[in-house]
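Taking it in order: structure first as structure tokens, then the write-up.
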């Protein structure tokens with residue numbers, strides 16, 4: 001293994017360890033159960049990187065909130081959704097056990113319906129669907145300079161859209177960017193989501209704050225539904 005290794009502390013307090021190795025070494029290391037020691041693991045033979053993250057409590061709280069936001073927003077918009085939060089993503093032909101592990105991952109709409117149909121056929125069919133079908137939406141809560149190359153890798157895998165949440169430890173202020181991804185070429189900054197039509201970064205940040213302040217499951221659901229209803233009404237007025 002290459003001896004180059006760095007450790008970073010993200011803006012939300014997560015520890016991120018980055019090791020560099022050749023593709024063959026990374027393929028061999030994929031046999032190790034890294035999840036026993038790290039909550040987020042990226043074994044990327046394409047870039048020659050092993051990225052190990054120990055997320056902070058705030059990072060994990062925000063990741064869980066995004067599960068609620070996307071599921072509720074998709075339901076309000078009449079779209080099927082399926083979360084794949086702990087699923088490791090890898091490009092076609094890349095070794096088993098390697099790949100990217102986003103904070104949150106979703107199929108939305110037709111791909112969610114397709115995955116659900118595959119699940120009905122059995123685990124083998126579901127695994128095959130995952131192998132050939134990239135997610136519609138990936139969320140990264142805390143993306144640092146140490147792993148910024150993830151954005152291009154997601155695009156190469158066929159992910160349609162990436163939401164990036166920015167924050168700082170000790171502060172409640174949040175910012176978000178929505179990016180349309182391409183298999184080739186630079187990502188494009190979006191004013192509103194294409195996967196969940198009409199939702200803006202400001203909407204999502206507001207939803208995060210409202211959900212964080214909610215005490216019950218009902219309050220969390222209503223916090224997202226209220227913002228989606230407002231966006232639907234605004235959209236209807238401007239059409």
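The values are calculated or read from the model by the stated rules, or taken from the named source; none is laboratory data. In this text the structure is predicted, and so the values were computed from the model without any measurement. Positions of Cβ are generated from backbone atoms using ideal geometry, with glycine treated the same way; all protein chains shown enter the neighbour counts.
Comparison of 159, 228, 151 shows that the only residue that is buried (at least 16 other Cβ atoms within 10 Å of the Cβ), in a loop (DSSP other than H, G, I, E, B) and touching a residue at least 12 places away in the same chain (Cβ under 8 Å) is 159. In the set 136, 113, 103, 177, only one residue is modelled with pLDDT of 80 or more, surrounded by fewer than 17 Cβ atoms within 10 Å (Cβ to Cβ) and under 13 Å from the mean Cα position of the chain (by Cα); that residue is 177.
The listed residues are 120, 53, and the only one of them that is over 17 Å from the mean Cα position of the chain (by Cα) and more than 22 Å from residue 161 (Cα to Cα) turns out to be 120.
Residue pairs whose Cβ atoms lie under 6 Å apart, sitting 6 or more positions apart in sequence or on different chains, and linking a residue in segment 1-27 that is within 22 Å of residue 97 (Cα to Cα) to a partner that is assigned to a helix (DSSP H, G or I) and at pLDDT 85 or above, are 1/25.
Among the residues of segment 58-73, the one identified as out of contact with any strand residue (DSSP E or B) (no Cβ under 9 Å at 6 or more places or on another chain), touching a residue at least 24 places away in the same chain (Cβ under 8 Å) and within 25 Å of residue 19 (Cα to Cα) is 58. Among the residues of this structure, residue 189 counts as one that is in contact (Cβ under 8 Å) with a residue 12 or more places away in the chain, within 17 Å of the chain's Cα centre (by Cα) and surrounded by fewer than 18 Cβ atoms within 10 Å (Cβ to Cβ). Scanning segment 86-112 for residues that are farther than 13 Å from residue 153 by Cα and not in a loop (DSSP other than H, G, I, E, B) yields 104, 105, 106, 107, 108, 110, 111, 112.
Looking at the structure I just gave you, is residue 127 at pLDDT 95 or above and surrounded by fewer than 19 Cβ atoms within 10 Å (Cβ to Cβ)? No, not satisfied. For segment 59-80, the set of residues classified as surrounded by fewer than 17 Cβ atoms within 10 Å (Cβ to Cβ), over 12 Å from the mean Cα position of the chain (by Cα) and modelled with pLDDT under 85 consists of 60, 61, listed by residue number. Looking across segment 10-55 at every residue that is loosely packed, with under 13 Cβ neighbours inside 10 Å and in contact with a strand residue (DSSP E or B) (Cβ under 8 Å, 6 or more places away or on another chain), the one that is nearest to residue 139 (Cα to Cα) is identified as 35.
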